[in-house]
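Reading through the structure tokens given below for one structure.
The values are calculated or read from the model by the stated rules, or taken from the named source; none is laboratory data. These numbers were taken from a predicted model, which means no experiment stands behind them. Note: ideal-geometry Cβ built from the backbone for every residue, glycine included; neighbour counts use all protein chains shown.
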Amino acid sequence: MRVGFGVAIAALTLTAAGASADELFLKNGSRLVGTLVSAEADVVRFDTPFAGTIDVKEENIQRVVTESGVTIMLEDGRVLRDRQINAGSGHLIASGDGEPNVLFQTGEIDMINPEPWKLGEGYEWTGEASVALETERGNSDTDEWDITAKTSWRSIVDRYRVGFTQEIDKNEGDKTSDNWNARLNYDRFFKSNPDNYWGVRTWFEYDRFQDLDLRTTVGPYLGRQFLKKPILSIQGELGPVWVDEQFDVAEDDDYPGALWDFQATSDILGFGTTLYVRHDGIVNFDSPDDLILNTRFGIRMPVIYGFQTAIEGLWEYDGGAVGDVDDLDETYNFRIGYTW
């Protein structure tokens with residue numbers, strides 16, 4: 001069973017005719033009254049009149065009781081819409097007006113009340129944007145500006161991803177950092193296993209103080225979602241690329257290479273915080289020592305209504321840096337952002 005909320009749904013039954021709401025019974029003896037919103041990924045989402053919508057981990061749930069019709073997605077791909085669920089002898093029964101009863105085991109449930117895009121209806125739009133801004137006046141006048149934004153559109157068959165970052169730093173009115181990068185990705189998921197996908201990327205980079213007018217990176221890749229759970233989510237991509245580099249002073253260059261991109265997140269600290277790390281790199285087949293490595297890591301903390309803060313570090317290594325430019329650039333900052 002891909003979704004481990006078997007215990008939570010094991011006693012999912014239709015309440016008596018006089019009941020007026022769904023009920024969530026916890027192992028500590030508590031009982032929540034409200035509306036079952038959804039269940040997947042070891043989490044039951046429950047809407048209460050006193051605390052709004054809350055997420056409850058399966059390990060804390062004894063049973064769920066509901067009187068309303070729900071949409072059930074089974075692991076074999078079947079979708080049962082507007083069904084009431086009763087407990088039978090060793091199995092569950094999904095019943096609906098004018099529909100034949102369907103018998104199934106708890107372990108066959110993939111999701112309850114899945115989002116429309118998971119049923120093949122349109123795309124899910126998600127994203128986040130954040131900014132780190134520092135201004136100092138006194139013995140020295142410094143201004144630092146760092147923005148990051150990314151968004152994606154995901155359906156059951158494909159996904160579009162767009163990302164952008166920019167950093168501008170000034171000291172006494174003179175720029176000390178001036179760089180940006182933009183990333184475009186298209187992914188197509190395999191029907192046999194949607195955890196696997198292929199895609200095509202186009203990345204653009206500019207860095208004035210690395211003498212880089214424009215680096216264009218284009219290529220296909222294979223990707224995999226290795227894990228996708230709140231406690232640990234890992235995604236990786238690997239593929240060949242063609243890199244074209246245009247410099248202001250140095251001689252322009254282009255070369256074949258390979259690019260990898262790995263991302264991981266975890267909510268292991270609890271309290272709504274997220275640990276995250278993203279690492280990508282490019283190896284130059286013509287000159288393997290000219291490695292390009294980027295690692296972004298940090299911790300995000302929720303504030304309210306989708307706003308969040310983050311403490312973040314960024315390491316950027318360019319083994320092919322020209323002239324007396326440093327190979328490694330390190331940045332640490334405090335960010336404020338919004339996620340949707």
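If you go through the range 39-59 and keep only what is modelled with pLDDT of 85 or more and either under 24 Å from Trp117 (Cβ atoms) or part of a helix (DSSP H, G or I) (or both), you end up with Arg45, Phe46, Asp47, Gly52, Thr53, Ile54, Asp55, Val56. Hey, can you tell me all the residues within the range 161-172 that are over 16 Å from Gly337 (Cα atoms) and surrounded by 16 or more Cβ atoms within 10 Å (Cβ to Cβ)? Selection gives Arg161, Ile168, Asp169, Lys170.
Yes/no per residue for (1) among the charged types (D, E, K, R); (2) over 30 Å from Thr135 (Cα atoms):
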{"position": "Lys170", "(1), (2)": "yes, no"}
{"position": "Tyr186", "(1), (2)": "no, yes"}
{"position": "Thr202", "(1), (2)": "no, yes"}
{"position": "Tyr206", "(1), (2)": "no, no"}
{"position": "Phe226", "(1), (2)": "no, yes"}
{"position": "Leu232", "(1), (2)": "no, yes"}
{"position": "Trp242", "(1), (2)": "no, yes"}
{"position": "Gln246", "(1), (2)": "no, yes"}
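When residues in the range 128-168 are screened for being part of a strand (DSSP E or B) and modelled with pLDDT of 90 or more, 25 of them pass. What number of residues in the range 92-144 are among the polar types (S, T, N, Q), over 31 Å from the mean Cα position of the chain (by Cα) and surrounded by 12 or more Cβ atoms within 10 Å (Cβ to Cβ)? Looking only at that region, the number is 2.
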